[in-house]
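Comments concern the structure below.
Values in this text are rule-based calculations from the coordinates and carry no lab data. Values in this document were obtained by computation on a predicted structure and should not be read as measured data. Neighbour counts run over all protein chains shown; Cβ positions are idealised from the backbone, glycine included.
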């Protein structure tokens with residue numbers, strides 16, 4: 001893959017660069033390094049969590065908030081921001097602020113294709129909520145705008161920045177994996193479920209996430225995005241080959257509120273692809289689990305999206321049989337990882353990527369690649385659903401052709 005040399009990718013058995021805290025128990029930001037100054041574009045609920053994360057992150061400083069209504073921005077800032085944060089009654093005003101280095105964009109998906117390029121042209125780095133686009137074509141337009149203007153683009157998938165993901169991928173793709181000698185074995189089947197039970201008003205368009213004119217990907221873009229991303233991580237971020245919609249339930253506006261789908265990777269045997277099977281739903285009780293089946297072990301995560309407030313954990317199991325195959329026996333390893341809020345680490349990662357950008361501005365990054373791969377899978381699942389559930393090719397982008 002094209003990102004191996006710069007980001008220590010699959011060729012070196014580590015899919016992502018080490019994050020601060022991976023080798024130590026704390027995050028530190030050198031005092032001589034200037035903090036990245038942030039503006040928030042939009043006062044969505046998720047922005048509260050990330051405003052707090054900026055305040056906790058040693059490499060971030062929240063300096064401005066914008067809404068389409070000045071009073072709303074002022075009220076929101078008074079509740080969730082420190083004194084002195086500037087407020088604006090339009091997004092354009094925030095983008096014109098010379099003391100804003102980066103913007104966090106929790107806007108409805110339909111607005112991203114307009115405002116990400118505008119932010120890029122204003123030379124602002126962009127952290128954008130998922131789903132990032134309505135289609136892979138829109139995603140490509142955003143990547144192009146950021147590359148042309150030398151700014152960094154990343155989506156807001158918080159678990160990507162947790163130490164646990166590093167440990168999980170190391171367990172799966174540790175030393176010897178390239179030769180089939182690791183203890184886990186190839187992840188031939190990954191199964192995931194991410195859901196929460198919404199009320200009828202929510203399901204029928206009472207929330208932006210179920211409105212066709214705001215977020216038409218619905219549960220697939222809001223929840224399935226995480227399942228797909230975890231599957232990508234387990235397959236060293238290889239671009240998938242096929243996707244299949246097993247079941248898609250739509251509301252009256254045509255927005256997915258429940259989806260069961262398969263994402264498939266080439267295994268070398270076209271009849272036996274590696275598979276991620278997942279269900280994402282606004283119609284089922286809250287759950288957020290992932291199981292990875294290797295040829296010798298099983299890895300389980302019970303809280304892969306929003307980690308528990310104490311140490312985040314996962315388990316690996318080896319199961320066999322005793323007494324003439326009538327009594328199962330299981331060897332379980334329980335692994336804990338240090339507690340550092342993944343949302344805080346996300347902003348620290350972002351600042352370090354910006355600091356390291358330098359002359360690399362204008363070149364594709366790992367983060368734009370993996371965001372585009374996730375978007376491509378969503379597109380393919382929708383296409384499959386519209387074609388009666390037949391397996392379809394996952395679309396690709398020419399800018400990443402060397403990695404597909």
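Give or take rounding to whole Å, what are the principal axis extents of the alpha carbon atoms in the stretch 159-275, in descending order?
So the three principal-axis extents are 52, 35, 20 Å.
What is the fewest-to-most order of 346, 248, 41 by other Cβ atoms lying within 10 Å of their Cβ?
Placing the least packed residue first, the sequence is 248, 346, 41.
Could you give me the percent of Cα pairs per 5 Å distance bin for the stretch 100-186, shortest bin first, beginning at zero and ending with the bin that holds the maximum distance?
The distribution over the stretch 100-186 is 3, 14, 19, 15, 11, 8, 11, 10, 6, 2, given as percents.
Give me 393, 155 ranked fewest to most by other Cβ atoms within 10 Å of their Cβ, as a rough exposure proxy.
393, 155
How do 272, 86 rank when sorted from fewest to most other Cβ atoms within 10 Å of their own Cβ?
Fewest-to-most Cβ neighbours within 10 Å comes out as 272, 86.
Could you give the spread of the C-alpha atoms of the stretch 215-270 along their three principal axes, from largest to smallest, in whole angstroms?
For the stretch 215-270, the Cα extents along the three principal axes come out at 41, 21, 12 Å.
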